[in-house]
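Novice: The following block contains the structure, expressed as structure tokens.
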Amino acid sequence: MPFLSLTSWSLHRLLGPLRWTRWDEATRTQITVAQDQPEHISLIELPEVLAAKGFTSLEVCHFHFPETSPDYLHSLKQSFTDAGLRFYTLLLEYGDISNSDTERRTLDIAWIKAWIDVAALAGAERVRVIAGDADPSDEQALARSAEALRELGRYGASRGVRVVTENFHSLTSVADNCLALLKSCGDELGFTSDYGNFKGSDKYDALEKTIPFSESIHAKAQTNADGIPDEEEFIRCMEIAKQAGYEGPFTLVYDGPGDMWEGIERVRKLAAPYFTSR
């Protein structure tokens, strides 16, 4: 049976400062831009809180890490172990491995490898790598991304971390590119499908193509201005996963207004018939 998971993005207003990574053209390197906000719960405390609420796993955005020292990462890993919660995926929110700028692409691959090392120390099972920001019609960019993903997949495997990508950002905004990357990389690459990332009239057809290959689903509901989910739309997506025989985590995504725990619970209520809880 599928199981209940959460992304740290669903609590992004509660977990303290966000540490965004950006490419700085002036210095030709990555920089960190901090977005200040109060910390109502620490990342290390979160596994225990989620386990008490019946979650089985957590996916963590890289910008929620307050530090990456070995001592901190060992403490974070222990917090998951103590809670009996799986650290399913470390979600990298930066990196353009499809870029035609060789120097930038090389530096981004090195940055991703450093985060794979972080994932290994923190006990994450997977690292989600963005396939690229290039136009989806750019075949050369797709080839560059596939080459980088193969390299990163091998690097991750050597450290006990599986590399996955997602229908996230421009290059993988169409299902055929997602499938092409999976075919090119074979067992070196896994996949995550996000309900909210495919757009347009062929959204559901695209999900039907990618979900059978997915190791994780980001169950993102479309919400109105008050944070109320579109039930019919969300259930249609959940039914696609059910028909595909999907058995991984349903990672709930809420990024609407208001109390984030209340928003998560609204999505959880809709998803509940499709997963088993702890």
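The values are calculated or read from the model by the stated rules, or taken from the named source; none is laboratory data. A quick note: this is a predicted structure, and the numbers were derived from the prediction, not measured. Cβ atoms come from the backbone with ideal geometry, glycine included; neighbour counts cover every protein chain shown. Heavy atoms of the whole protein, side chains included, go into the accessibility calculation; ligands, DNA and RNA do not. Shrake-Rupley method; radii C 1.70, N 1.55, O 1.52, S 1.80 Å.
Novice: Give the relative contact order (percent, whole number) for segment 117-202; include only Cα pairs under 8 Å separated by 6+ residues.
Specialist: 33
Novice: For segment 184-278, state what percent of all Cα-Cα pairs lands in each successive 5 Å bin, counting from 0 Å until the bin that includes the largest distance.
Specialist: Result, from short to long distances: 2, 13, 25, 24, 18, 10, 5, 2, 0 percent.
Novice: Percent of accessible area on the chain owned by carbon and sulfur, 1.4 Å probe?
Specialist: Carbon with sulfur: 48 percent of the solvent-accessible area.
Novice: If contacts are Cα pairs under 8 angstrom and at least 6 residues apart, what is the relative contact order of segment 87-239 in percent?
Specialist: 18
Novice: Given the whole protein assembly as supplied and a 1.4 Å probe, what does the accessible area of Thr29 come to in Å², nearest 10?
Specialist: Ignoring ligands and nucleic acids, Thr29 comes out at about 50 Å².
Novice: Which Rg and Dmax, in Å, describe the Cα atoms of segment 57-173?
Specialist: Rg and Dmax of segment 57-173, Cα atoms, are 14.5, 46 Å.
Novice: Filter the chain for me: DSSP H helices, axial length by Cα at least 27 angstrom, mean Kyte-Doolittle hydropathy not below -0.5. List them by residue number.
Specialist: What comes out of the filter, once short or polar helices are dropped, is 102-122.
Novice: Continuing with the same structure: Below 20 Å, Cα to Cα, which lysines can Lys183 reach? Residues fewer than 8 away in the same chain don't count.
Specialist: The qualifying lysines are Lys209.
Novice: Would you mind telling me which residue in Asp194, Asp176, Asp71 has the biggest mean-square fluctuation in a Gaussian network model of the chain, where springs connect alpha carbons within a distance under 10 angstrom?
Specialist: Per the Cα network of the chain with a 10 Å cutoff, Asp71 tops the list.
Novice: Choose one answer from Thr223, Thr27, Thr172: the residue with the largest mean-square fluctuation in a GNM of the chain with alpha-carbon springs under 10 Å.
Specialist: Looking only at Thr223, Thr27, Thr172, the biggest GNM fluctuation is shown by Thr27.
Novice: Could I ask something else about it? How large is the accessible surface of Arg105 in square angstrom, using a 1.4 angstrom probe and rounding to the nearest 10?
Specialist: 40
Novice: Debye sum, Cα scatterers, segment 124-176, no solvent: what log₁₀ I/I(0) at q = 0.16 1/Å?
Specialist: Evaluating at q = 0.16 Å⁻¹ gives log10 I(q)/I(0) of -0.46.
Novice: Separate question: Lysines within cross-link reach of Lys53: Cα-Cα under 20 Å, excluding same-chain residues under 8 positions apart?
Specialist: Lys53 reaches Lys77, Lys220, Lys269.
Novice: Determine the order of Glu233, Glu262 by accessible area, beginning with the largest, at a probe radius of 1.4 Å.
Specialist: Glu262, Glu233
Novice: Please arrange Asp255, Asp108 by accessible surface area, largest first, computed with a 1.4 Å probe and ligands excluded.
Specialist: Asp255, Asp108
Novice: Could you grab the Rg to Rh ratio for segment 1-128? Cα atoms only, Kirkwood for Rh.
Specialist: A ratio of 1.00.
Novice: Quick check: net charge around Ala51, other residues with Cβ under 13 Å of its Cβ, Lys/Arg +1 and Asp/Glu -1?
Specialist: Its environment carries a net charge of 0.
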